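Quick notes on the structure that follows.
The values are calculated or read from the model by the stated rules, or taken from the named source; none is laboratory data. No experiment lies behind these values; they were computed from the predicted model shown. All Cβ positions, glycine included, derive from the backbone under ideal geometry; neighbour counts span all protein chains shown.
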Amino acid sequence: MSTAIYQGRYTATDLAPEDHRARALSWVVWAGTIGAVLGPNLLYISDALGESFGLPDMGGPYVVAAVAIAIGAIIIYVRLKPDPYLIATTKSHGSQQVPSRHKLSDAVAQLKDKPRAILGIASLAIAMAVLVMLTVTVPARMLDSGISLQVIGLIVSINIAGMYLLSPVVGWLVDYFGRVPMITVGVMISASACILSGLTSAGSTTILALGQFLLGLGWSCTMISGATLLTDEVSPINRPAVQGFSDLLVNISSAVGGITAGLLILTASFEILCAVALVPLICITVVISIPACRRNSATSSP
């Protein structure tokens, strides 16, 4: 499921004009808002439906989710023809090109002498790690401080709103101002969220809510601009392999972020966790300052 979501974002860019590529990707991200809002609210209904068919407790949501995924797969298979990717490779190479099965080393080789593509992947991985580090710990910290589940749920919703709700606006900004400048903006917003959260007590729910919104918004800016930059820098025929490699690193960074957060909470403190989360953001800022990362390639936008 995670693979389908990630690749769906890139699919939206296959036929998008270069100066509208981020906007196309951002609308797919925005669609996640619908699922994030509807999903939790369908739990009770789908559970009741499952019990009416004799399924065990909470078995219904899994069946409903599986059916929804199957319907989505059928719609994509039937309606998404011809494949936008094949059309894109045809336009790029003059004839339809279907890539052979790639190895991981092939994807890595495509990144040689492409510092801006590496910057795109690094920004995606770091943005996800920082997002996970704070989103898995802030609710737990609030719960330990006696904050009600209703308030915690609201703050989680605010974080999700920051991640998805403004995606079309972020996509427009990425196309207008450029990929690298918006990665910088996303990093700065995420850093502000880390500092704000680290300096705020668990009982200051309003400020924590603001921090969670900024955390989500920073992720949105960095993710949309980083994914678009990666797409810009790699030729259409090689994009699936490199994009898949990027998704692998993003998922690994997500796991590392969660494990790191747990260890820091166990052995240190939440404040230390927020300080540690700033380190990779600072590293990305340093990478952005490298001239090769800021220089436009022959086929890329700013």
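Scanning segment 112-138 for residues that are among the charged types (D, E, K, R) and either out of contact with any helix residue (DSSP H, G or I) (no Cβ under 7 Å at 6 or more places or on another chain) or on the phi > 0 side of the Ramachandran plot (or both) gives K112, D113. Helices (runs of 4 or more DSSP H) fully within segment 136-246 that include at least 3 residues being among the aromatic types (F, W, Y) and either touching a residue at least 40 places away in the same chain (Cβ under 8 Å) or under 28 Å from S289 (Cα atoms) (or both): 167-177.
Contact map, segment 101-112: first residue at pLDDT 80 or above, second residue polar (S, T, N, Q), Cβ cut-off under 6 Å, separation 6 or more or different chains; pairs are Q110/N238. Might you check whether a residue that is touching a Pro at 6+ places or on another chain (Cβ under 8 Å), more than 23 Å from F245 (Cα to Cα) and not aliphatic (A, V, I, L, M) occurs anywhere in segment 42-49? Yes: segment 42-49 contains one or more residues that are touching a Pro at 6+ places or on another chain (Cβ under 8 Å), more than 23 Å from F245 (Cα to Cα) and not aliphatic (A, V, I, L, M). So which residues in segment 230-248 are among the charged types (D, E, K, R) and either within 18 Å of the chain's Cα centre (by Cα) or within 14 Å of A125 (Cβ to Cβ) (or both), if there are any at all? Passing the criteria: D232, R239, D247. Within segment 10-37, count every residue that is out of contact with any helix residue (DSSP H, G or I) (no Cβ under 8 Å at 6 or more places or on another chain) and part of a loop (DSSP other than H, G, I, E, B). Result for segment 10-37: 1.
Name every residue in segment 43-77 that is loosely packed, with under 12 Cβ neighbours inside 10 Å and charged (D, E, K, R), in order of residue number. Selection gives D57 alone. Pairs meeting the criteria (first residue in segment 47-67 and in a loop (DSSP other than H, G, I, E, B), second residue surrounded by 14 or more Cβ atoms within 10 Å (Cβ to Cβ), beta carbons under 6 Å, at least 6 apart or on different chains) are M58/D47; G59/G50.
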